[in-house]
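Enquirer: Dropping the structure in here first, questions after.
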Amino acid sequence: RLFDLDPDLLPLFQYNCKQFASPQECLSAPEFLDHIRKVMLVIDAAVSHLENLSCLEEYLCNLGKKHQAVGVKVESFSTVGESLLYMLEKCLGTAFSPDVREAWSKLYGAVVKAMRRGWETLPEGD
């Protein structure tokens, strides 16, 4: 769904300096699947620390810095969020109520807000 929503994100996923010719090629790459697992681990950590997301603040800020360093734009996280909600809706079916959608949107928004701080942190001397 991610590449359907924004095909321009495909060039961001390069592993070992290899650019993928198509979304299908990227989606089947072991490195991409590993990246997806890492994304889901971050989501899992956020769910596990729902009552105290601030304990993940530094980690998420640093994760934001890493994404900025490889050319990810903050706006791209909206597309990732849409893809996450789409996946949840497909998996949960009728259990994906408006309240569930709102809860997931808020959780994802909190994660992205913390990651955005990585973009906002300026290097020393600036």
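The values are calculated or read from the model by the stated rules, or taken from the named source; none is laboratory data. Since we're looking at a predicted model, the values are computed, not measured. Note that we place each Cβ from the backbone using ideal geometry, even for glycine, and neighbour counts take in every protein chain shown. SASA here: full protein model, heavy atoms, side chains in, ligands and nucleic acids out. Shrake-Rupley method; radii C 1.70, N 1.55, O 1.52, S 1.80 Å.
Enquirer: Yes or no: the stretch 114-123 includes at least one residue that is outside any loop (DSSP other than H, G, I, E, B), among the acidic types (Asp, Glu), at pLDDT 95 or above and open to solvent by 30 Å² or more (accessible area, probe 1.4 Å).
Expert: Let us first name the residues in the stretch 114-123 that are outside any loop (DSSP other than H, G, I, E, B), namely 114-120.
With the extra rule that they be among the acidic types (Asp, Glu), the set shrinks to 120.
Then keep just the ones that are at pLDDT 95 or above; that gives none.
No.
Enquirer: Quickly run through the stretch 5-24 and pick out the residues that are farther than 20 Å from SER78 by Cβ and open to solvent by 60 Å² or more (accessible area, probe 1.4 Å). Give the derivation first.
Expert: From the stretch 5-24, those farther than 20 Å from SER78 by Cβ are 14-22, 24; that's our starting set.
Listed by number, the residues that qualify are GLN14, ASN16, CYS17, LYS18, GLN19, ALA21, GLN24.
Enquirer: Touching a Cys at 6+ places or on another chain (Cβ under 9 Å) and not hydrophobic (A, V, I, L, M, F, W, C), is that true of ARG37?
Expert: Details: touching a Cys at 6+ places or on another chain (Cβ under 9 Å): no; not hydrophobic (A, V, I, L, M, F, W, C): yes.
Judged against the criteria, ARG37 is not a match.
Enquirer: Specify the residue that is farthest from ILE36 (Cα to Cα); the eligible residues are those in the stretch 65-92 that are open to solvent by less than 40 Å² (accessible area, probe 1.4 Å) and more than 11 Å from the chain's Cα centre (by Cα).
Expert: Within the stretch 65-92, the match that is farthest from ILE36 (Cα to Cα) is GLY71.
Enquirer: Let me ask something else. Can you tell me which residue among LYS65, LYS73 is over 16 Å from LYS106 (Cβ atoms) and in contact with a Ser or Thr (Cβ under 7 Å, 6 or more places away or on another chain)?
Expert: The unique qualifying residue is LYS65.
Enquirer: Hey, another quick one. Counting only residues that are within 21 Å of GLU102 (Cβ to Cβ), give me the helices (runs of 4 or more DSSP H) lying completely in the stretch 3-84 with at least 2 of them. Full working, then the answer.
Expert: Details: elements: 23-27, 30-48, 57-69.
Filter on the stretch 3-84 gives 30-48.
Enquirer: Please indicate, with yes or no, whether at least one residue in the stretch 89-100 is touching a His at 6+ places or on another chain (Cβ under 7 Å) and part of a helix (DSSP H, G or I). Explain how you work it out, then say what you get.
Expert: Restricting attention to the stretch 89-100, the residues satisfying the condition of being touching a His at 6+ places or on another chain (Cβ under 7 Å) are none.
Checking the stretch 89-100: not a single residue is touching a His at 6+ places or on another chain (Cβ under 7 Å) and part of a helix (DSSP H, G or I).
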